[in-house]
Amino acid sequence: SNLTNNQDNESVDVPLSDDVEVKIRVNNTEPLFGEVVKWTVIVRNNGPDGATNVVLNEILPEGLVFVDCNPTKGTYSDGQWNIGSLKVGEEQRMDLTTISNSVGRMENNVDVDCDEYDWNMSNNRDNAAVNVKPVADLSVTKIASKYRYSVGDVIEYEIEVVNNGPSTARNIKVSELMDDSLKLKSFKVTMGRFDLKSLTWTIDSLNYGESARLIIKAIAISSGILNNSVVVTSDAFDPNLDNNNDFAV
């Protein structure tokens with residue numbers, strides 16, 4: 001009797017949506033102190049609609065100094081990459097150059113957003129980390145108390161190790177290579193331990209600018225030219241090996 005209510009309808013307004021994705025990669029996960037570190041950031045729109053006002057934010061950690069940035073689209077300033085719009089399937093890349101001026105683990109975090117509804121937020125963030133190795137330029141010097149001696153004389157050798165930095169050096173080992181014509185009488189260290197059997201001086205750590213000394217007294221048991229040398233090593237990367245050994249005649 002009443003056909004006016006035999007049908008009805010309701011509408012929905014589905015907004016534009018897309019899936020913007022970010023990935024970050026680094027060229028070297030274990031750079032040295034002061035070494036150039038290059039990052040690559042890729043932003044892609046997986047659709048189904050075009051993305052507008054796409055912005056990437058980057059949190060560059062302390063210990064990494066910004067040098068240069070070359071985005072394939074948009075502009076980069078103060079940790080923000082304004083890409084603009086991205087078509088479905090379009091991706092853009094940013095190459096970022098930094099220099100490490102600290103040691104330890106540092107993480108570079110990035111996240112991307114746009115004006116449209118993003119139905120997949122699981123890929124809107126990414127990070128990559130570097131572990132900067134410590135660098136310590138260790139130097140060692142050795143001085144003999146006398147250059148002319150008689151058999152039975154006591155000769156004193158002073159060995160000094162200095163950490164020229166910039167990082168703390170750990171697990172330092174100084175190898176004492178004593179001539180067979182010398183017999184060890186006594187020793188004294190300002191830091192660390194000296195092993196009589198291996199003639200190895202071990203120092204747990206030396207801070208930047210810190211030094212330590214080992215004084216050895218030895219008896220000359222035969223005549224001739226006595227060559228007495230030392231070599232220093234540590235767990236830190238040493239950029240200058242020219243000063244890692246010395247000798248006294």
Practice item. Identify all residues within the stretch 58-68 that are open to solvent by 60 Å² or more (accessible area, probe 1.4 Å) and in contact with a strand residue (DSSP E or B) (Cβ under 7 Å, 6 or more places away or on another chain); write none if there are none. Key: Ile59, Val65, Phe66, Val67, Asp68
Review point. Quick one: what pairs do we get from the stretch 34-57, first residue under 8 Å from Leu86 (Cβ atoms), second at pLDDT 95 or above and of a type in the set (Lys, Arg), C-beta under 6 Å, 6+ apart or different chains?
Key: Gly50/Lys87
Practice item. Filter the stretch 132-184 down to residues that are surrounded by fewer than 18 Cβ atoms within 10 Å (Cβ to Cβ) and aromatic (Phe, Trp, Tyr) and give me whichever is farthest from the chain's Cα centre (by Cα). Key: Tyr149
Review point. Among the candidates Leu196, Leu182, which residue alone is hydrophobic (A, V, I, L, M, F, W, C), touching a Leu at 6+ places or on another chain (Cβ under 9 Å), over 20 Å from Asn244 (Cβ atoms) and without any contact (Cβ under 8 Å) to a residue 24 or more places away in the chain?
Key: Leu196
Study note, to complete from the structure: Within the stretch 6-26, residues being surrounded by fewer than 14 Cβ atoms within 10 Å (Cβ to Cβ) and in contact (Cβ under 8 Å) with a residue 12 or more places away in the chain number 3
Review point. Could you list, in sequence order, the residues of the stretch 69-124 that are acidic (Asp, Glu), more than 30 Å from Pro48 (Cβ to Cβ) and either at pLDDT 95 or above or open to solvent by less than 70 Å² (accessible area, probe 1.4 Å) (or both)?
Key: Glu107
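The values are calculated or read from the model by the stated rules, or taken from the named source; none is laboratory data. What you see is a predicted model, and the numbers here were worked out from it, not measured in a lab. Here the Cβ is made from the backbone with ideal geometry for all residues, glycine too, and neighbour counts use every protein chain on show. To get the accessible areas, we keep the full protein, side chains included, count just its heavy atoms, and leave off ligands, DNA and RNA. Shrake-Rupley method; radii C 1.70, N 1.55, O 1.52, S 1.80 Å.
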